[in-house]
Amino acid sequence: MEEEINYSTVVFKDKAPEEKKEDSTIYAEVKPKGAATTVPNGEAAGCSRFRVLACVGVGILCVLLVASIGSIIYLDMELNEQRANHDDITAEKDKLIMEKSLLEREMTNLSIVAENLSIVAENLSIVAENLNRTLEIILTFDTFPVNEYCPEKKCQPCPKSWILFKEKCYLFYEENAPWKTREESRGFCQKKKADLVVVDNLQEQEFISSHTKYYHDSFHGYWIGLKKTKDNYWVWVDGRKDTLGYWINNGAGPYALFIPGRNLTASWGPANRLFENKFICENDPIIWST
């Protein structure tokens, strides 16, 4: 495309100095459109101020941009640091949860151990108590009958020929006649570190009935540890008053016999102390079940 040409105004002067007769036509310079033109001073000053303001604005924008970039970088660094801290806190939390779980498990185990130790301590206390009771019984003998309590070197609660029932040992004297008076019977028991039987309840009465048998006649029986006082009270050899009253009748005699084959609650009969009968001894075992 061809360049467009603009022409400036042509000025003609009316008068000219006489000495110059030449043609006074003046031609202006022809310039192509778009070429630089002379700018008036006022307009140049305005343009300079505009440039300054533009430069200042651009500078401010640059400063703001740099500040914004710095802020973004700073915030990003802070965010990364917070994320790192959050990860650390999460890891620490998980670690604490695990440690808590382990501690709870350990506490449960310790609780079980403590409970077992308590049971063991209780059992040891029972064992110690039983050993003390055993020692007390052994010390009642001048010479402890080892062969009777520990045949074949294996100790048992009761001596040979005695029967254990509810933490008591019983000897049912079943020898042939002549039998023994009440005093002789009790003396025999006491030499064994025992005494004539004391009946505490119906269960013991039933046990005695199941281990006695009829012999000679219906008047003979087994001496038991019951005696009538001067005040007509029936008292056991351990000093307690009788409260059961399993009597057949109110016959004569200050001592009591157990008559086998009778009703459980009506099987005691009074007898004279010189009447010879079988008898029942009772003592404590030297070994108790735990």
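Things to note:
- Test for S218: is it modelled with pLDDT under 95 and farther than 29 Å from K160 by Cβ: yes
- When S185, S209, S218 are checked against the criterion of being of a type in the set (G, A, S) and under 22 Å from T140 (Cβ atoms), S185 stands alone in meeting it.
- Filter pass, Y170 being open to solvent by less than 40 Å² (accessible area, probe 1.4 Å), of a type in the set (S, T, Y), on the phi < 0 side of the Ramachandran plot and touching a strand residue (DSSP E or B) at 6+ places or on another chain (Cβ under 6 Å): yes
Matching residues to (1) farther than 30 Å from E206 by Cα; (2) of a type outside the set (D, E); (3) open to solvent by 70 Å² or more (accessible area, probe 1.4 Å):
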| site | (1), (2), (3) |
| --- | --- |
| N123 | yes, yes, yes |
| V127 | yes, yes, no |
| I137 | no, yes, no |
| D142 | yes, no, yes |
| Y149 | no, yes, no |
| C158 | no, yes, no |
| W162 | no, yes, no |
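- Contact annotation: residue pairs with Cβ atoms under 6 Å, 6 or more positions apart or on different chains, pairing a residue in the stretch 149-168 that is under 12 Å from K192 (Cα atoms) and free of Cβ contacts under 8 Å to residues at least 24 places away in the same chain with a partner that is of a type outside the set (A, V, I, L, M, F, W, C) and open to solvent by 50 Å² or more (accessible area, probe 1.4 Å), are K160/E148.
- When residues of the stretch 237-290 are limited to those that are among the hydrophobic types (A, V, I, L, M, F, W, C) and touching a Leu at 6+ places or on another chain (Cβ under 6 Å), the one most open to solvent (accessible area, probe 1.4 Å): V237
- Meets criteria (in a helix (DSSP H, G or I) and at pLDDT 85 or above) for D88: yes
- Residues of the stretch 213-224 that turn out to be surrounded by 11 or more Cβ atoms within 10 Å (Cβ to Cβ) and among the charged types (D, E, K, R), as a count: 1
- Subset of the stretch 176-226 (residues that are part of a helix (DSSP H, G or I) and not charged (D, E, K, R)): S185, G187, F188, C189, Q190, L202, Q203, Q205, F207, I208, S209, S210
- Among the residues of the stretch 187-199, the one identified as open to solvent by 70 Å² or more (accessible area, probe 1.4 Å) and closer than 17 Å to K227 by Cα is Q190.
- Filter pass, K227 being surrounded by fewer than 11 Cβ atoms within 10 Å (Cβ to Cβ) and farther than 11 Å from I280 by Cβ: no
- Just one of the listed residues (E175, E184, E152) is at pLDDT 90 or above, more than 14 Å from I224 (Cα to Cα) and of a type in the set (D, E, K, R), namely E175.
- Residue list for the stretch 232-290, restricted to those being in a strand (DSSP E or B), among the aromatic types (F, W, Y) and over 30 Å from N130 (Cα atoms): W234, W247, Y255, F258, W268
The values are calculated or read from the model by the stated rules, or taken from the named source; none is laboratory data. Quick caveat: nothing in here was measured; it's all calculated off a predicted structure. Cβ atoms come from the backbone with ideal geometry, glycine included; neighbour counts cover every protein chain shown. For the accessible areas, the whole protein counts, side chains as well, though only heavy atoms, and no ligand, DNA or RNA atoms are used. Shrake-Rupley method; radii C 1.70, N 1.55, O 1.52, S 1.80 Å.
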